[in-house]
């Protein structure tokens, strides 16, 4: 396997990690909405969830860029 193949499969791994993070973020938000005591607590908790969601999205996009680079340079 060449270096570009490693970039490709590394990108796949990073992308899958990001997608798992996105799913976990969605489950987190869903559980919060089910157990919300009041509106202010829900807002504060969802703000923390948004940060996690954006981090997972960034990881996923970074992985997709690695996949594209691996394919293009192959």
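The values are calculated or read from the model by the stated rules, or taken from the named source; none is laboratory data. All figures in this text were calculated on a predicted structure; none of them were measured in a lab. Cβ: placed from backbone, ideal geometry, glycine included. Neighbour counts: every protein chain shown.
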Checked 29, 55, 45 against criteria (modelled with pLDDT of 95 or more, surrounded by 12 or more Cβ atoms within 10 Å (Cβ to Cβ), in a helix (DSSP H, G or I) and under 20 Å from the mean Cα position of the chain (by Cα)); the one match is 55
Quick check: anything in region 2-23 touching a helix residue (DSSP H, G or I) at 6+ places or on another chain (Cβ under 7 Å), loosely packed, with under 15 Cβ neighbours inside 10 Å and not in a helix (DSSP H, G or I)?
no
If we ask which residues in region 32-41 are in a helix (DSSP H, G or I) and touching a helix residue (DSSP H, G or I) at 6+ places or on another chain (Cβ under 6 Å), their number turns out to be 1
